[in-house]
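The values are calculated or read from the model by the stated rules, or taken from the named source; none is laboratory data. Computed from a prediction, not measured in an experiment: that's the story for all the values here. Backbone-built Cβ (ideal geometry, glycine too); neighbour counts: all protein chains shown. In case anyone asks, the SASA skips ligands and DNA or RNA and just uses the protein heavy atoms, side chains included. Shrake-Rupley method; radii C 1.70, N 1.55, O 1.52, S 1.80 Å.
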Amino acid sequence: MTLVLVSASGDRRFPLTGRSGFVVGRELSCTLPILDPAVSRRHAELRVTAAGHVDVQDLASRNGTWVNGARVQHTTVSPGDTLTFGTVAFTLVDDDGIGAAPPSAQPSIDSGATVLFERRVPSREQALADVAQSTAGHAQATARLAQLVGIAQHLGGYTDLDTLLEALAGDLFRTFDADRVSILLRDPDGLLAARVSRDRHGSIPRPVPRAIANGVAERQVALLTNDAGADARTAGASVRQQAVQSAMAAPLIGAQHTTLGVLYVDHLRDTGLFTDEDLAFLVAFAGIASAAVEREASMARLQQAARVRANFERYFAPQIARRIADSTGRVTPGGSRQHVVVLFSDIRGFTTIAESLPPTQMADQLNEYFAAMVDCVFRHDGALDKFIGDAIMAYWGVPEAGEHDAGRAVAAALEMQHALSALNARWAVEGRPLLTVGIGVHGGDAFVGNIGSPRRLEFTLIGDTVNIAHRLCGLAGGGEILVSDAVRDALSDPRCCTPRRELAVVRQHGAPPDVWQVTASGTTP
């Protein structure tokens with residue numbers, strides 16, 4: 001019987017023959033050397049028994065020895081069992097074809113990666129435990145743990161993501177003998193983008209080698225290379241162009257096990273600079289950093305959402321603004337045709353009134369008027385498009401069209417006239433000018449979307465429907481509300497409208513609509 005340890009990928013085979021005992025570990029002097037940072041220097045000892053089994057003794061390894069998924073200190077394994085050292089798994093098989101050749105003394109590592117170490121990223125708690133156990137001297141382990149505690153404490157004091165990232169970069173420089181430090185985060189498109197990239201003298205424009213950053217982010221492994229130009233998995237064009245010698249990188253992993261970004265340090269002058277203890281420390285550092293980054297990114301998103309909602313609430317009723325803000329994505333040019341109801345109101349003779357008032361008094365009275373009118377629109381679930389001088393443009397049907405949009409628009413128009421009457425009553429007592437408004441309402445299809453340049457977009461409505469509503473407003477006298485037949489026909493009680501056959505709306509295409517005046521104050525949507 002020939003017992004063989006075979007790696008999960010099949011590229012590593014250790015025949016357990018020719019010796020009474022085998023020591024598994026990261027040191028080259030071990031009989032079964034495995035160059036992986038998850039494996040301790042002297043990790044475990046194996047002995048083949050006379051019964052054809054393997055006696056396994058863990059040698060106080062930091063990441064443990066596991067048999068079929070269970071951590072063990074001492075046990076016996078049989079062919080078919082899975083034996084894992086840290087995170088490196090092997091299966092014990094009975095293979096008589098191997099012969100009695102002793103295992104190679106060369107490290108078991110991918111031939112395409114000469115000096116490249118990778119390790120799976122453990123939990124934050126396990127990463128801290130690894131730091132405590134990975135240093136040779138107790139004093140050094142204590143100092144590094146104290147450093148991590150200090151980093152965690154001072155990172156908790158930042159309330160701005162950019163400031164936090166700069167602090168993280170400073171901590172990386174103080175921790176490692178690195179020439180450059182970079183922190184990459186995923187952008188809204190999911191791509192890694194450098195948020196901090198600098199050497200010891202300040203910011204640098206050179207990008208992080210993508211062969212390293214992308215591999216670490218996608219596979220969620222930490223990486224150490226002490227000859228980046230020679231390692232097959234790191235020797236990209238950017239590595240060679242930037243003359244990277246030694247480098248380390250670790251992913252920032254969020255609570256939902258998603259990759260938030262990557263921490264990266266490198267050295268341009270020396271090879272063999274970083275150790276696997278450094279990598280263990282960087283992994284623990286990344287665990288602390290990811291918690292801080294995720295916290296600040298979440299706060300930034302909440303603040304941005306609040307700003308977006310506050311901005312929408314300037315134009316939409318609060319409940320509509322909340323729905324839009326919760327569902328909105330990136331704002332881009334474009335739109336669609338939708339059925340809308342458009343309302344225009346305009347103060348009659350305001351230019352003359354404005355010329356008789358000091359600027360401050362005119363602005364105060366106009367702002368008071370606008371506030372009351374917009375409240376009327378919002379109370380009936382309308383949206384404010386814009387102020388045009390002393391005119392107001394509002395609409396219904398966006399983001400969702402409803403069967404009662406026309407009724408809501410007419411109800412809002414009636415309330416606007418009532419609200420202005422109340423304002424005028426108070427302004428008369430105060431000796432201020434009185435205002436009258438004409439209102440026009442029309443419904444139909446319009447283009448709805450973001451219009452403008454990429455630097456400045458405006459969400460608005462354009463088209464014949466908007467033009468007709470504006471012309472109806474122009475025909476309306478002070479205190480009047482004029483609507484088209486499209487609006488009248490959509491009301492639950494059209495009897496609130498009387499025809500104004502003497503009025504005609506100029507229209508470039510199609511028959512002009514009939515004009516109706518809203519006369520009943522008790523209409524409902």
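For the residues Gly150, Gly157, Gly190, Gly170, the requirement of being among the small types (Gly, Ala, Ser) and within 13 Å of Glu296 (Cα to Cα) singles out Gly157.
Of everything in the range 211-266 that is assigned to a loop (DSSP other than H, G, I, E, B), hydrophobic (A, V, I, L, M, F, W, C) and more than 27 Å from the chain's Cα centre (by Cα), the residue that is modelled with the highest pLDDT is Val244.
In this structure, does Phe274 turn out to be out of contact with any Cys (no Cβ under 7 Å at 6 or more places or on another chain), under 19 Å from Ala169 (Cα atoms) and modelled with pLDDT of 85 or more? Taking the combined requirement at face value, the residue does not satisfy it. For the range 277-298, indicate whether the set of residues that are touching a Gly at 6+ places or on another chain (Cβ under 6 Å), among the hydrophobic types (A, V, I, L, M, F, W, C) and either at pLDDT 80 or above or in a strand (DSSP E or B) (or both) is non-empty. Looking through the range 277-298, none of the residues is touching a Gly at 6+ places or on another chain (Cβ under 6 Å), among the hydrophobic types (A, V, I, L, M, F, W, C) and either at pLDDT 80 or above or in a strand (DSSP E or B) (or both).
If you filter the range 501-515 down to residues that are part of a loop (DSSP other than H, G, I, E, B) and open to solvent by less than 50 Å² (accessible area, probe 1.4 Å), you find that the one that is nearest to Ser421 (Cα to Cα) is Leu503. If the condition is being open to solvent by 30 Å² or more (accessible area, probe 1.4 Å) and more than 20 Å from Ala50 (Cβ to Cβ), then the range 71-90 contributes Arg71, Gln73, Thr82, Thr87, Ala89.
On inspection, Leu434 passes the criterion of being part of a loop (DSSP other than H, G, I, E, B) and either within 30 Å of Met362 (Cβ to Cβ) or aliphatic (A, V, I, L, M) (or both). In the range 42-70, which residues are surrounded by 18 or more Cβ atoms within 10 Å (Cβ to Cβ) and of a type in the set (D, E, K, R)? Those that are surrounded by 18 or more Cβ atoms within 10 Å (Cβ to Cβ) and of a type in the set (D, E, K, R): Glu45, Asp58, Arg62.
When you check Ala127 against the structure, is it touching a Gly at 6+ places or on another chain (Cβ under 8 Å), farther than 17 Å from Leu268 by Cβ, open to solvent by less than 60 Å² (accessible area, probe 1.4 Å) and modelled with pLDDT under 85, yes or no? In short, yes. Within the span defined as the range 385-392, every residue fails to be open to solvent by 20 Å² or more (accessible area, probe 1.4 Å), assigned to a helix (DSSP H, G or I) and at pLDDT 90 or above.
Please determine, by comparing only the residues of the range 476-500 that are in a strand (DSSP E or B) and either without any contact (Cβ under 8 Å) to a residue 12 or more places away in the chain or hydroxyl-bearing (Ser, Thr, Tyr) (or both), which one is most open to solvent (accessible area, probe 1.4 Å).
Out of the qualifying residues, it is Thr498.
In the range 166-189, the residue that is nearest to Ile151 (Cα to Cα) out of those that are open to solvent by 30 Å² or more (accessible area, probe 1.4 Å) and under 24 Å from the mean Cα position of the chain (by Cα) is Glu166. Within the range 345-360, the set of residues being out of contact with any helix residue (DSSP H, G or I) (no Cβ under 6 Å at 6 or more places or on another chain) and not hydroxyl-bearing (Ser, Thr, Tyr) comprises Ile347, Arg348, Gly349, Phe350, Ile353, Glu355, Leu357, Pro358, Pro359. Annotation: of all residues in the range 190-208 being open to solvent by less than 40 Å² (accessible area, probe 1.4 Å) and under 23 Å from the mean Cα position of the chain (by Cα), the one that is nearest to Leu279 (Cα to Cα) is Val208. Picking from residues in the range 2-11 that are within 51 Å of the chain's Cα centre (by Cα) and surrounded by fewer than 19 Cβ atoms within 10 Å (Cβ to Cβ), the one that is modelled with the highest pLDDT is Val6. Say we look at the range 188-210 and pick out the residues that are out of contact with any Leu (no Cβ under 6 Å at 6 or more places or on another chain) and among the basic types (Lys, Arg); which of these is modelled with the lowest pLDDT? Among them, the one singled out is Arg206.
How many residues are in a helix (DSSP H, G or I) and closer than 25 Å to Arg295 by Cβ when one looks only at the range 165-210? Break it down stepwise before answering.
Let us first name the residues in the range 165-210 that are in a helix (DSSP H, G or I), namely 165-175, 210.
Narrowing the set further to residues that are closer than 25 Å to Arg295 by Cβ leaves 165-175.
Total satisfying the criteria: 11.
Restricting to the range 340-370, name every residue that is exposed (fewer than 15 other Cβ atoms within 10 Å of the Cβ) and closer than 30 Å to Glu403 by Cβ. Scanning the range 340-370 gives a single hit, Phe370.
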